[in-house]
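To start, the structure itself, in structure tokens.
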Amino acid sequence: MKDSVPEAPEPVSLPRALTRELFDLSITIDLIGQATADRLGINQTDLICLDLLVRHGPLSAGQVASSLGLTTAAISAMATRLEAGGYAHREMDPGDRRRVLIHASPSGAHQAFSLFDDLYAAADAMYSTHDERNLTMLIDLLRAYRQLITEQTAALRVEPNRQTD
């Protein structure tokens with residue numbers, strides 16, 4: 001019996017290699033998000049919601065639901081969990097008394113996102129080894145990729161499910 005030599009893997013195109021790295025990055029980001037949410041006693045989607053509220057200001061349940069691809073009922077339960085943890089509060093919309101807005105609690109948001117302080121410091125140190133032009137190019141590429149993923153997600157939600165036999 002001859003010793004078989006494994007064939008060398010086929011070369012991967014740079015765009016495919018970059019997409020794979022971005023998928024792996026997404027998994028790693030999910031892991032740190034889950035670890036952070038666990039530390040805070042909430043779930044990862046709650047943490048993502050809190051980030052939306054911090055970055056975009058008060059949002060209605062419908063706006064949060066649309067941003068996260070969830071139902072307003074799920075957002076209501078999420079708001080209850082965030083309120084219970086002191087991370088957010090609900091308030092009637094002064095412009096439309098039929099609508100409730102979810103606000104991030106400044107102290108709760110600080111408690112949650114200060115857990116990323118070491119990551120930000122390490123990232124600053126890492127980025128300092130690269131010039132501004134390269135970092136700007138990377139930001140542009142990541143924005144374009146995020147838009148591509150958003151478009152692909154929308155297409156997946158519109159197309160009927162394909163069942164395999």
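So if I check each of Arg20, Arg55, which one is under 25 Å from Ala154 (Cβ atoms), part of a helix (DSSP H, G or I), more than 17 Å from the chain's Cα centre (by Cα) and not small (Gly, Ala, Ser)?
Within the list Arg20, Arg55, the selection yields Arg20.
So which residues in the range 86-97 are open to solvent by less than 70 Å² (accessible area, probe 1.4 Å) and not aromatic (Phe, Trp, Tyr)?
Gly86, Ala88, Asp93, Asp96, listed by residue number.
Restricting the search to the range 106-130, which residues are over 19 Å from Leu31 (Cα atoms) and touching a helix residue (DSSP H, G or I) at 6+ places or on another chain (Cβ under 7 Å)?
Passing the criteria: Ala109, Tyr127.
What are the pairs with Cβ atoms under 7 angstrom where one residue, in the range 95-107, is farther than 13 Å from Ile75 by Cβ and part of a strand (DSSP E or B) and the other, located anywhere, is open to solvent by 30 Å² or more (accessible area, probe 1.4 Å) and at pLDDT 90 or above? Sequence gap at least six, or different chains.
His103/Pro58; His103/His89; His103/Glu91; Ala104/Val54
Residues of the range 109-165 being in a loop (DSSP other than H, G, I, E, B), hydroxyl-bearing (Ser, Thr, Tyr) and open to solvent by less than 100 Å² (accessible area, probe 1.4 Å), which ones?
Ser128
Answer yes if at least one residue in the range 63-85 is among the basic types (Lys, Arg), assigned to a helix (DSSP H, G or I), surrounded by 15 or more Cβ atoms within 10 Å (Cβ to Cβ) and within 19 Å of the chain's Cα centre (by Cα), and no otherwise.
yes
The values are calculated or read from the model by the stated rules, or taken from the named source; none is laboratory data. If you're wondering where the values come from, they're calculated on a predicted model, not measured in any experiment. Cβ atoms come from the backbone with ideal geometry, glycine included; neighbour counts cover every protein chain shown. Heavy atoms of the whole protein, side chains included, go into the accessibility calculation; ligands, DNA and RNA do not. Shrake-Rupley method; radii C 1.70, N 1.55, O 1.52, S 1.80 Å.
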